[in-house]
Amino acid sequence: MNGVLDVALRLLVVFVVFLTFPLIVGQTEHKVMAHMQGRLGPMYAGGFHGWAQLIADGVKFAQKEDVVPAGADRRVFQLAPAVALLPYLLVLLAIPIGPSEGAVGQVLDAGVFFVLAVMGVGVLGSLMAGWASANKFSLLGGLRTAAQLLAYELPMLLAAASVAMAAGTVSLPGILHAFHWWWVPWQIVGAVVFFVAGLAELQRPPFDMPVADSEIIFGAYTEYTGLRFALFLLAEYAGIVVLCGLTTVLFLGGWHGPWGHDGLGWLWTLLKTAILAFLVIWLRVTYPRLREDQLQKLSWTLLVPLSLAQIALTGIVKVVIS
Amino acid sequence: MAPIPGSGLAKGLAVTLRTMTRKTVTEQYPDAQPELPPRTRGVIGLFEENCTVCMLCARECPDWCIYIDSHKETVPPAAPGGRERSRNVLDRFAIDFSLCMYCGICIEVCPFDALFWSPEFEYAETDIRDLTHERDKLREWMWTVPAPPALDPAAEEPKEIAAARKTAEKLAAAQAEQHEPQEGAS
Amino acid sequence: MSLAPTVSLAAGHPGFLSPTGVEIAFLLVGLVTFGAALVTVTTRQLVHAALWLVVSLGGLAVEYLLLTAEFIAWVQVLIYVGSVVVLLLFGLMLTKAPIGRSPDADSGNRWAALTVAVAAAVALVWVVVDAFRTTWIDLNGPAAGSTRVTGESLFRNWVLPFEALSVLLLAALVGAIVLSRKAKAESNPPHVNSRGVTESSPSVTDSGIHPVEQEGAR
């Protein structure tokens, strides 16, 4: 009975995190982006500096009619948002935020593989949406999504593999237990590659060619309305949380910090994740969208060689140390 | 010197970060009134005391959004035995702001300074027909018209003031002449 | 596909009369996987076939998980669901796959295909059953398929096949690059390094088509 309760509690906590953190990131994006553009952002909803804007948005989305285009493939069209969203929920289960047993949803032996595999599945949702919408813009968006995934999955995997090599394990808590501070400079190239590739996989600006609103409306999500559209948006922001959390765990030492090692480790994880989330927003505000060929070029001619070089470096240092 | 690779990217990041730390330019309009320049062209006010119903404004209006009705009244002669004068009396003066394109030609052409720009701008309506504003409303807006700007220090005196000053000087001179003989007599 | 029959054979062991929860789950997931695989090859809707393939491959991953082979399970998801199916869908989208039934989806080789499939399945089942007749996986003991165990057996006992496979894949990779480069040189020699997956729009704007269109417009 105790075990069941424990599992239920963990699931509940992960679920609550899954529902709140993306909203916090979204609200931060509203405000940070506004101030970076000399604006104030939402000011009304909720009274104090528009803190409830996203809740209001959620209510709005829930009220909207759920339209399925006449020519669409109904079943696939309706299933797509769930396929896009659920993987991120599963990934959150595996991310450890503190050193103790209780600070992770579920300890997995092959955690790195699990998170990367499941994150890749999320893109299937975009592909299904793109194809099932019976819309040319959606189809173009789907094509671009697929091309982008194929291009960026490889450097992401290679960068993650570099850390796994350094730690000698593919379990996420295991990697963190093996972490030393000098891993940060050692793996910095891999960290950058991982983060950039993750951004591209999430289709965040400046890598948002698949949803480029000025040319293909909203890519695969063009035909979506109401709650299903909101689910896609939620998936994007949950993706940010997951990517930042993963980068923190893999490259920035998760719960390790200059002080407060015992008990306050989870605070370090959250802090680092928050800083990375800010970075995601910052990059979005600063850079213009990359063209499709530039996107592919960046991945194949820069990120893949860089990650391979990182793996070579990791191997050399590892051999020298041992 | 060739720039360091990626320096442009860093510069971009610096720009957005700097903007974030600066004050925003957002006007929180319904909560705080905007600070408009004094000569803002918000709405057209009518100073109906000056209007002679010459119809110049209505005729020059490019989209014919000014409606004027009037009738003639005869005024009894000022001096006994004089001729009766006829005078135009304004019955209706209305501007349809759903047609008006705020070109300001009516204000330019008014020979008697009866039309003015007012910075007032909060006169939105939910029905387009309510945007035709009558003389009383136009007269009310007259109160929001700011005083004319001060002239340049070396500018020529305005005609009206010059005329008034000349009359005043003449009057003063006449009074002084009346006084002088008295002084000489004493 | 071939797993489900294996399982029923395995369940014929003493555990058959009092199957554990894991065994029941294994059977059910196996049935789902088998069903999804059947639908994949019989459906007339091309993209649906690809999506049913996702279900089938995902089911296989769950089976691996139930057999405590966690590493293999996640690799299965990563490579097959995450990449191969995406590639498949990408290809389908390029081919104007219709929404709804494709009338020409049947190649007319139904019976031949069925024969080959059954033959392959029988061969596989027979080989696997014969090879592992008395080998049992202890589901309650230490994981038999953890990353460490898999890695050790792969790099100690099976290094030669592993390396041979990697050389094969490398050769395929090099061959693909050589082929694509040659095709490129013949069709349009210049600039854009599209690698087969980029859209062709940049090359259109860059090449001589654009000025000509403008001339025509004038």
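In debye to the nearest 20, how big a dipole does region A:2-321 give about its Cα centre with +1 on each Lys and Arg Cβ and -1 on each Asp and Glu Cβ?
The dipole magnitude comes to about 360 debye.
Per 10 Å bin from zero, what fraction in whole % of the C-alpha pairs of the protein assembly as shown is there, up to the bin with the longest pair?
Computed distribution, short to long bins: 2, 10, 17, 19, 15, 10, 7, 6, 5, 4, 3, 1, 1, 0, 0, 0.
Going highest first, how would you order A:70-76, C:145-151, A:162-168 by mean Cβ packing within 10 Å?
Descending mean neighbour count gives A:162-168, C:145-151, A:70-76.
Using θ = phi - 60° and the Karplus relation 6.51 cos²θ - 1.76 cosθ + 1.60, list the HN-Hα couplings for region B:44-61 in order, rounded to whole Hz, with x at every Gly or Pro.
9, x, 10, 9, 6, 4, 8, 6, 10, 6, 7, 6, 5, 4, 5, 6, 7, 4
What are the chymotrypsin sites (Phe, Trp or Tyr not before Pro) within region B:102-186 that DSSP puts in a loop, where the Cβ has at most 14 other Cβ atoms within 10 Å?
Listed in order of number, the matching sites are B:Tyr102, B:Phe112, B:Phe121, B:Tyr123, B:Trp143.
What average count of beta carbons from other chains do you get within 10 Å of the Cβ of residues in B:116-128?
0
Rg/Rh for chain B to two decimals, with Rh computed the Kirkwood way over all alpha-carbon pairs.
1.24
Which value results when the Cα radius of gyration for region C:32-95 is divided by 2.2 N^0.38 Å?
Expressed relative to 2.2 N^0.38 Å, the Cα Rg reads 1.15.
Before rounding to the nearest 500, sum -39500 (n - 2.57) across all DSSP H runs of length at least 4 in chain B and divide by the residue total; then give [θ] at 222 nm in deg cm²/dmol.
-10000 deg cm²/dmol
I need the calculated FRET efficiency for the pair A:Ala70 and A:Lys136, taking r as the beta carbon distance and R₀ as 22 Å, to the nearest 0.05.
The formula returns an efficiency of 0.90 here.
Between C:Arg133 and A:Ala82, what is the FRET efficiency for a Förster distance of 41 Å, r being their Cβ-Cβ separation, to the nearest 0.05?
0.45
I want to verify the translational diffusion coefficient of region A:175-322 in µm²/s; compute it with Stokes-Einstein, Rh as the Kirkwood radius over Cα pairs, at 20 °C and 1.002 mPa s.
125
Report the convex hull volume per residue for chain A, counting only C-alpha atoms, in Å³.
150
Among A:225-237, C:65-77, B:35-47, what's the highest-first ranking by average C-beta atoms within 10 angstrom per residue?
Order by mean packing, descending: C:65-77, A:225-237, B:35-47.
Can you tell me, using C-alpha contacts under 8 Å and at least 6 residues apart, the relative contact order of chain B as a whole percent?
It rounds to 24 percent for chain B.
Mind giving me the nanometre distance, one decimal, between the label points for C:Leu170 and C:Ile79, set 7 Å out from Cα along Cα→Cβ?
Computed distance between label sites C:Leu170 and C:Ile79 equals 1.7 nm.
Please list, in order along region A:268-275, the HN-Hα scalar couplings obtained from phi with the Karplus expression 6.51 cos²θ - 1.76 cosθ + 1.60 (θ = phi - 60°), rounded to whole Hz, x for Gly and Pro.
3J(HN,Hα) across region A:268-275, in whole Hz: 4, 4, 5, 4, 5, 4, 5, 4.
Cut-off under 15 Å on the C-alpha distance; same-chain residues fewer than 8 positions from A:Lys136 excluded. Which aspartates and glutamates are left, in chain and number order?
A:Asp73, A:Asp213, A:Glu215, A:Glu223, C:Glu199
For the protein assembly as shown, build the charge dipole from Cβ charges (+1 Lys, Arg; -1 Asp, Glu) around the Cα centre, then report which of A:Trp182, A:Leu149, C:Phe132 sits farthest towards its positive end.
Among A:Trp182, A:Leu149, C:Phe132, the one farthest towards the positive end of the dipole of the protein assembly as shown is C:Phe132.
Can you give the translational diffusion coefficient of region B:97-186 in µm²/s, computed by Stokes-Einstein from the Kirkwood radius over Cα pairs at 4 °C and 1.567 mPa s?
72
Counting only other chains, what is the mean number of Cβ atoms within 10 angstrom of the Cβ of each residue in peptide C:74-86?
Mean shielding count: 6.
What percentages make up the Cα-Cα pair-distance distribution of region A:27-94 when the bins are 5 Å wide from 0?
All Cα pairs considered, the percentages come to 4, 13, 13, 14, 15, 15, 15, 8, 2.
Determine ³J(HN,Hα), in whole Hz, for all residues of region B:138-152 in sequence, where each value follows from phi through the Karplus function 6.51 cos²θ - 1.76 cosθ + 1.60 and θ = phi - 60°; x replaces Gly and Pro.
The phi angles translate into 5, 5, 4, 5, 4, 5, 8, 6, x, 4, x, x, 5, 6, 4 Hz.
At a Cα cut-off below 18 Å, give the lysines reachable from B:Lys23, other chains included and same-chain residues fewer than 8 away excluded.
Once the sequence-local lysines are set aside, what remains near B:Lys23 is A:Lys31.
When the Kirkwood radius is taken over all Cα pairs of region A:65-120, what Stokes-Einstein diffusion coefficient follows at 4 °C and 1.567 mPa s, in µm²/s?
96
Which order do peptides A:215-224, A:124-133 fall in by mean Cβ count within 10 Å, highest first?
Order by mean packing, descending: A:124-133, A:215-224.
Hey, can you grab everything whose amide H is under 5 Å from the amide H of B:Leu115? Only 5+ residues off in sequence or another chain; H modelled, so Pro and N-termini drop out.
Correct list: B:Phe47.
Read the figures in this text as sums done on the coordinates, not as results from a lab. A quick note: this is a predicted structure, and the numbers were derived from the prediction, not measured. Cβ sites come from the backbone with ideal geometry, for glycine too, and all protein chains shown count toward neighbours.
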